[in-house]
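The values are calculated or read from the model by the stated rules, or taken from the named source; none is laboratory data. Because the structure is predicted, anything quoted here is derived from the model rather than measured. No Cβ is skipped: glycine too gets one built from the backbone with ideal geometry, and neighbour counts run over all protein chains shown. Heavy atoms of the whole protein, side chains included, go into the accessibility calculation; ligands, DNA and RNA do not. Shrake-Rupley method; radii C 1.70, N 1.55, O 1.52, S 1.80 Å.
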Amino acid sequence: MSKKRITMAAGLASLIGLSSAYAALKSYNNKQAEMTALEQGKQILNVDSNSVTGLTFTVDHEQVSFILKNDVWIKEDDETFPVDEEAILGPLVQLAPLNAVRTLENVEDSAEYGINEPQNTITLTDKDGGQTEIVIGATNSGTGDDYIMVNGEESVIYTVSSALRTAFSDDLYDYAVSEELPHLNASEITRISLQRDTDAYEVYLEDAKWKISGSDSEVLDADSEKVNNVLTKLSGLEYADYVEHDCKDPSRYGLDDPSAILTVTWTEETESDTEDSTESVTEAQSKTEVSFVFRIGNTDELGNYYVQQEKSSQVHTISSGIIGEVLEKSISDWETAEDTGA
C-alpha cells in the first residue's frame, strides 16, 4: 500500500473516531441538560398553611416558637406577646411549594454546605403532630442561593432561592401587633404641651391665632410659620421601631423619669342623635378635644427617642426628625419676630 493510501486511511479512521466522540459528548450533554432541568423542577415541600399548628425558627440567634392554641396564635413561652398572625403565616408562602434549584445527592459531609452552622432552622408542626425541619446552611457566593437540608437527611442537600431565608425576619417584634398611633391632621391640632425637667411650655390656638406661654412667662404671639412646620411633622407621627411589648423596667429606656412629656391636643368631629319638637331624630355634629400623651426617654444608638404612650406597657422609638424639633425648642424659639425684637 502506498504512503498516500495509508495517510488517507489514517485520516478516515481519525474522522470516524472524532465523529463518535462528538456523538457521545452530545448525548452526554443532552442527558446532563435533561438532568439539570429535572433537578431545577424538583419539588421539595408543599406546605398547607392551614394545617400548620406550630412554627419554630431562629430570631436574633435565639429559637422562638409560636403555636396555635384555641385557634389563636401565641408565643409559646409568653402568652402576653401580641402575635401578628399574618406575620407568622406570611413566610409559609415560600413553602407552598418549595422547589429546588439544584439537588446534590450522595453528600458525604454536609458541613461543607454550612449545615452544622445554620443561618436558620425552621420546624413546622402539623395538626397530627408531625414535624418538618428545614436547616438553612451557607449561601452560595456565586449564585446567592442557600443550601438546605430537610428532615435530617444529610446525604441530600438542596439549593433554594434566598427568598426562604429572607422571609423570616431577624426582629422578634416584626411578629407582633403594635398599638396604634392617632392619625393627626395638622389643621386639627389645637395645642402642643411640653413638660421638661427645666421648664414647661405650651403652644395653643386662641381666636384663630397661635400663642405661646410658659409656667413663668407671659402669653406671647407664636410665629405661625414655625408652628405649622412642627405641626406638619407631627402629622406624620409614626414609630421607628417596636422595642418591648410589656416593659417591666422603664429605667432601661429612661422612661421611669422621662426627660419630657409631650401632649398633643386636637379636635375630632362627633355625631349624636337629637330629637326636635316633632319627635324626629336627627344627627348633630360637634367637635370634641382629644389629647395624646407621650413619655419621652433616652435615645438609642440611631438617635431615635424611646417613647411610651400614657397608660401603655409598650415601648417604641420615634425618629428625632419628627419630635426632636419640639423637644429642642425653648419659648423664645416659638415667638414672632416682633416679640423677640428681631
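Checking each residue in the stretch 98-113 for being surrounded by 14 or more Cβ atoms within 10 Å (Cβ to Cβ) and either in contact with a strand residue (DSSP E or B) (Cβ under 7 Å, 6 or more places away or on another chain) or assigned to a loop (DSSP other than H, G, I, E, B) (or both) picks out Leu98, Asn99, Ala100, Val101, Arg102, Thr103, Leu104, Val107, Ser110, Tyr113.
Give the residues of the stretch 213-236 that are among the aliphatic types (A, V, I, L, M) and open to solvent by less than 50 Å² (accessible area, probe 1.4 Å), sorted by residue number.
Narrowing the stretch 213-236 to residues among the aliphatic types (A, V, I, L, M): 219-220, 222, 227, 230-231, 234.
Leu220, Ala222, Val227, Val230, Leu231, Leu234 - these are the residues of the stretch 213-236 that are among the aliphatic types (A, V, I, L, M) and open to solvent by less than 50 Å² (accessible area, probe 1.4 Å).
Of all the residues in the stretch 154-166, those that are crowded, with 17+ Cβ neighbours inside 10 Å and assigned to a helix (DSSP H, G or I) number 2. Go through the stretch 299-319 and report how many residues are in contact with a helix residue (DSSP H, G or I) (Cβ under 8 Å, 6 or more places away or on another chain), at negative phi and not in a strand (DSSP E or B). Result for the stretch 299-319: 1.
It is to be established whether one or more residues within the stretch 175-183 are open to solvent by 50 Å² or more (accessible area, probe 1.4 Å), in a strand (DSSP E or B) and either out of contact with any strand residue (DSSP E or B) (no Cβ under 7 Å at 6 or more places or on another chain) or not hydroxyl-bearing (Ser, Thr, Tyr) (or both).
no
Can you name every residue in the stretch 56-72 that is more than 17 Å from Ile122 (Cα to Cα) and either in contact with a Phe, Trp or Tyr (Cβ under 9 Å, 6 or more places away or on another chain) or surrounded by fewer than 11 Cβ atoms within 10 Å (Cβ to Cβ) (or both)? Correct list: Asn70, Asp71, Val72. When the stretch 298-329 is limited to residues that are farther than 20 Å from Pro182 by Cα and at pLDDT 90 or above, the one that is surrounded by the fewest Cβ atoms within 10 Å (Cβ to Cβ) turns out to be Glu301. Of everything in the stretch 158-189 that is charged (D, E, K, R) and more than 27 Å from Ile136 (Cβ to Cβ), the residue that is farthest from the chain's Cα centre (by Cα) is Glu188.
Only residues that are open to solvent by less than 40 Å² (accessible area, probe 1.4 Å) and either part of a loop (DSSP other than H, G, I, E, B) or among the basic types (Lys, Arg) (or both) were counted across the stretch 237-251, and they come to 3. Only one of the numbered conditions (1) more than 30 Å from Val315 (Cα to Cα); (2) in a loop (DSSP other than H, G, I, E, B) is not met by Thr198, and that is (1). Taking the criterion of being loosely packed, with under 15 Cβ neighbours inside 10 Å and either among the charged types (D, E, K, R) or outside any loop (DSSP other than H, G, I, E, B) (or both), the only residue of the stretch 141-153 that qualifies is Glu153.
Among residues of the stretch 114-140 that are open to solvent by 30 Å² or more (accessible area, probe 1.4 Å), those with a beta-carbon under 8 Å from a residue that is assigned to a loop (DSSP other than H, G, I, E, B) and among the aliphatic types (A, V, I, L, M) at least six positions away or on a different chain give the pairs Thr132/Val47.
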